[in-house]
Amino acid sequence: MWIITAAFVGVPAIAQPVGPVRYDGHAVVQAVLTSQADIDAMSAIGARLWGEAVGVGPVDYVVSHQEREAMTAAGIAFEVVIGDVQPLIDAERQRLAEGGVAGAGWFLAFTDYDAINARLDELVQQRPDLASIVVVGESLEGRAIRGIRITGPGQDKPAVLINGCQHAREWISPMVTMYAADRLISDYDADAQVQAIVDAVEFLIVPMVNPDGYVYSWGPDRLWRKNRRNNGDGTFGVDLNRNWDFGWGLDSGSSPNTNDETYRGTAPFSEPETQVMRDYVTAHPQIVAHIDFHSYSQLVLWPWGYTSSLAPDVAVLDELGATMAASILSVHGETYVNQQGIDLYAASGVIIDWAYGAQGIFSYTIELRSDGPDPGFLLPPDQIIPTAEENFPAVLDLAQFATTPMLYSFPSGLPDLVEAATPTAVPVQITSIAAALDSSSATILWRIGTSGSFTASPLSALGGSSFEATLPSVPCGDVLQYYFEAQTILGDVERSPQDAPASLHEAQSFEISVTFLDDFEADLGWIVDNVGLADGPWGRGVPVNCNRGDPPADADGSGTCYLTDNHPFNCNSDVDGGTTILSSLGLDASDPEAYISYDRWYSNTEGDDPANDVFVIEVSDNLGATWVPLETVGPSGPEVSGGWIHKAFRVADIPGITNTSLFRIRFTASDLGAGSIVEAAVDHVMIRSLFCTTSCPADLDGSGDVGVTDLLALLAAWGTNPGGPPDLDGNGTVNVNDLLALLGAWGSCE
Ligand code: 0X9
Ligand code: ZN
């Protein structure tokens with residue numbers, strides 16, 4: 001017979017029960033905490049978290065009758081999510097005692113620590129040519145932390161690390177990692193995609209980082225989270241996922257209190273489990289990407305967890321996270337929300353912050369099923385296979401990513417226009433992934449015109465992954481074509497565009513005269529009109545960044561832009577139930593070579609009614625008496641899921657528009673269907689005139705005629721590569737052809 005008092009006094013984390021902790025009459029509740037006083041009241045009540053984040057807002061607890069009464073007395077509102085937890089635990093015990101479904105396969109029931117180890121050995125026996133046992137080290141109580149290394153023939157490969165079960169009660173997490181190992185081995189011969197990735201990547205899979213806690217959750221306390229450290233004060237356990245040495249020790253995101261579920265330990269890496277994992281990772285510098293599996297909530301989380309600052313590689317982290325979430329969705333239709341860790345809640349000293357921050361590993365936490373607190377950790381066994389199935393392609397995405405030599409990005413974009421006869425500096429970011437970058441190999445290759453050979457100039461290294469390219473001086477009216485190239489220390493070459501020189505970046509050279517520029521730092525009098533709108537009008541501001549289709553930042557780096565529903569604290573808002581219109585005042589577009597340009601952002605793919613609304617841009621040449629369409633973004637296609645897109649139009653070429661000083665532009669976002677999330681933004685609106693006045697490129701000193709001083713200047717540059725005049729034919733060298741061109745233009749410029 002079990003002693004039941006431990007649970008009824010309500011502090012199972014302190015009590016060392018004789019039999020398993022029982023949760024009779026304990027409900028899972030979602031409390032709504034409205035103040036610090038509520039948070040303090042809940043900790044005074046001693047309510048145990050179901051989950052781990054405490055803050056103002058909804059928080060899940062597992063609570064006894066008495067604790068619920070105390071909550072009511074303290075005026076804390078709550079909703080019961082699971083009426084009684086114990087029957088779920090009993091049913092699970094019953095199933096396990098009955099031994100699952102005989103012979104029906106390994107993933108039909110949860111498996112204990114010994115069974116996981118035995119299965120790892122079997123997988124190695126199945127394919128010793130592909131798999132070997134990894135011994136990471138020992139837990140506090142002396143249990144082996146083991147894993148499996150899976151890879152095909154070959155050497156010098158990038159590696160991915162996949163681990164489960166830092167948290168004991170999250171039983172689905174080791175199952176998902178075991179399933180991935182199983183599929184990589186079992187499908188190797190039959191599935192060409194699996195074979196290719198297993199040949200290209202080294203998989204290091206550690207299903208069970210916290211064996212002591214896991215064993216404890218199979219015996220004394222099903223809801224145990226931490227390891228089994230005796231804290232010396234009657235409490236047990238350190239939260240391993242608060243014990244890593246990156247952002248360690250912050251009270252926001254971890255607890256100094258030994259009894260808390262997020263107790264961080266006495267020092268970073270105070271626990272043998274995190275120590276041996278750390279040593280394993282640092283001994284394998286080929287690890288470039290990582291997933292730490294947890295449950296529950298259905299999330300894909302990336303660094304940082306401890307700060308809301310953006311990681312240097314936020315764009316890469318976000319994009320790969322989105323790719324994995326999309327792959328997961330495609331299997332059984334389950335949504336896993338992709339976001340920065342701290343946007344869920346602050347967590348400091350977590351493995352992914354250490355892996356990324358200290359080791360440069362692209363690191364993710366995936367929170368598995370269920371999507372809410374019911375059934376939470378007590379996931380029924382028929383959920384194992386679908387959960388594991390949907391996460392296997394995410395593991396493959398991560399591995400595929402790990403094979404990418406490097407990624408290029410352009411923080412200020414790439415110009416489609418360059419100022420004539422003027423070199424242009426362009427920031428370039430080259431993020432090495434599969435292997436370290438040879439910084440000295442980063443090069444821009446360019447030519448003036450659309451044929452001929454390319455001239456190579458090195459990028460200047462600004463430290464880390466930051467470089468600066470200098471686009472050469474280009475004669476007015478000419479086109480510049482170029483690409484970037486760099487290689488890893490292993491000699492893998494990657495270009496941008498990837499298939500260069502078949503594809504190339506291109507910019508046109510003009511003299512540029514800006515007649516209007518609004519970066520929205522100041523209020524220049526734009527007008528907002530709303531038609532039948534419930535919520536979400538245009539407003540000028542710094543993007544709040546809700547990560548639900550809205551821009552994380554403005555387009556031009558000035559800070560401010562116009563965007564829809566940039567609510568300072570309510571992220572649950574967007575354009576709703578109507579139309580919001582942003583219109584300029586009258587602008588001067590009278591120059592025959594005037595161009596209107598802007599950066600725009602549009603997202604209609606998040607939410608229940610995706611790809612059903614449009615973003616309309618119109619212009620007027622009579623101060624808005626009539627409008628003509630310029631472009632309609634959506635309802636579907638590549639430009640409706642966010643991202644800043646630069647657009648430019650020659651005003652004289654817009655049908656129905658003539659060049660006037662009575663020009664206006666307006667941007668209309670609407671939510672006309674039901675329930676969709678629509679987010680739009682506009683930045684850097686410009687009117688520019690593009691022209692070429694120089695008809696006399698050989699007039700090198702600008703004197704108005706081509707004469708002796710120009711000839712001497714050309715001869716002084718003989719044989720060099722100035723990237724522009726006096727290389728008059730733009731072939732990369734000042735030579736006899738340029739001399740002949742200059743002599744041919746001898747005399748006054750007309
Ligand atoms: O709190 C944790 O350690 C993880 N969640 S769990 O419910 N499985 O305990 C999340 C870790 C990463 N999350 C954040 N950085 N917020
Ligand atoms: Zn967890």
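Every number in this text was worked out from the coordinates using simple rules, so none of it is lab data. These numbers come from a predicted model, not from an experiment. Virtual Cβ from ideal backbone geometry, glycine too; neighbours counted across all protein chains shown.
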Calculated FRET value between Y345 and D84, using beta carbons and R₀ = 25 Å, to 0.05: 0.35
Most to least packed among 188-197, 27-36, 243-252 [average Cβ atoms within 10 Å]: 243-252, 27-36, 188-197
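Which FRET efficiency value, to the nearest 0.05, is calculated for N622 and Q498 with the Förster distance at 60 angstrom and r the Cβ-Cβ distance? Show your work: numbers first, answer last.
Values: r = 46 Å, r/R0 = 0.76.
E between N622 and Q498, to the nearest 0.05, is 0.85.
Could you tell me which chymotrypsin sites (Phe, Trp or Tyr not before Pro) in region 640-747 are loop residues by DSSP with no more than 14 other beta carbons within 10 angstrom of their beta carbon?
Working: sites: W644, F649, F663, F667, F691, W718, W746; in loops: W644, W718, W746.
Passing both the DSSP loop test and the Cβ count: W718, W746.
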The chain: angle of helix 272-282 to the longest principal axis, Cα-based, in degrees nearest 10: 30
Cβ-based charge dipole, the chain, positive-most Cα from S641, S440, A652: S440
Using alpha-carbon coordinates, inclination of helix 384-402 to the longest axis of the chain, degrees: 40
Along principal axes, Cα extents of region 584-643, largest first, whole Å: 44, 22, 17
Most positive-pole-ward Cα, G57, N731, A97, against dipole of the chain from beta carbon charges: A97
Positive minus negative residues near L140 (Lys, Arg vs Asp, Glu; Cβ under 12 Å): -1
Inter-label distance, nm, simple model (7 Å from Cα along the C-beta direction), E141/I512: 6.6
Positive-pole candidate from P722, A507, P375, dipole of the chain, charges at beta carbon: P375
As computed over region 138-249, the Cα convex hull volume per residue (Å³): 128
Under the Karplus curve 6.51 cos²θ - 1.76 cosθ + 1.60, θ = phi - 60°, whole-Hz ³J(HN,Hα) for region 309-318, x wherever Gly or Pro sits: 4, 8, 4, x, 9, 3, 5, 5, 4, 5
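How would E390, E593, E122 line up from fewest to most surrounding beta-carbon atoms within 10 angstrom? Walk me through the numbers before you get to the answer.
Numbers: E390 22, E593 16, E122 12.
Arranged by neighbour count, lowest to highest, E390, E593, E122 become E122, E593, E390.
Could you give the alpha-carbon Rg of region 315-441 over 2.2 N^0.38 Å, rounded to two decimals? Could you put the intermediate results ahead of the total?
Numbers: Rg = 19.2 Å, N = 127, 2.2 N^0.38 = 13.9 Å.
Taking N as the residue count of region 315-441, the ratio is 1.39.
Report the net charge of residues surrounding W248, where surrounding means a beta-carbon distance below 10 angstrom and charges are Lys +1, Arg +1, Asp -1, Glu -1.
So the surrounding residues net to 0.
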For the chain, calculated [θ]222 nm from helices alone, where every DSSP H run of n ≥ 4 adds -39500 (n - 2.57): -6500 deg cm²/dmol
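What is the local net charge at D292, summed over the other residues whose Cβ is closer than 15 Å to its Cβ (Lys, Arg +1; Asp, Glu -1)?
Values: positive: R225, R242, R278; negative: E52, E170, D239, E273, D353, E367.
Here the count lands on -3.
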Magnitude of the charge dipole, region 445-514, Cβ model with Lys/Arg +1 and Asp/Glu -1, debye to 20: 100
Only Lys, Arg (+1) and Asp, Glu (-1) charged, at Cβ; the chain dipole about Cα centre in debye: 1900
Coordinate range along principal axes, alpha carbons of the chain, Å, largest first: 110, 63, 46
Antiparallel %, DSSP beta bridges [both residues in the chain], to 5: 80
HN-Hα J in Hz across region 534-546 - Karplus 6.51, -1.76, 1.60, θ = phi - 60°, x for Gly and Pro: 7, 6, x, x, 4, x, 9, x, 7, x, 6, 6, 8
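Can you tell me how much longer the chain between D529 and L585 gets when fully stretched, taken as 0.36 nm per residue apart minus their C-alpha distance, in nm with one decimal? Write down the numbers at each step before the final one.
Working: separation 56, 0.36 × 56 = 20.16 nm, distance 1.31 nm.
Full extension from D529 to L585 adds 18.8 nm.
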Derived scalar couplings ³J(HN,Hα) [region 237-254; Karplus, 6.51 cos²θ - 1.76 cosθ + 1.60; whole Hz; x for Gly, Pro]: x, 10, 6, 4, 8, 10, 10, 8, 8, 8, x, 5, x, 6, 6, 7, x, 6
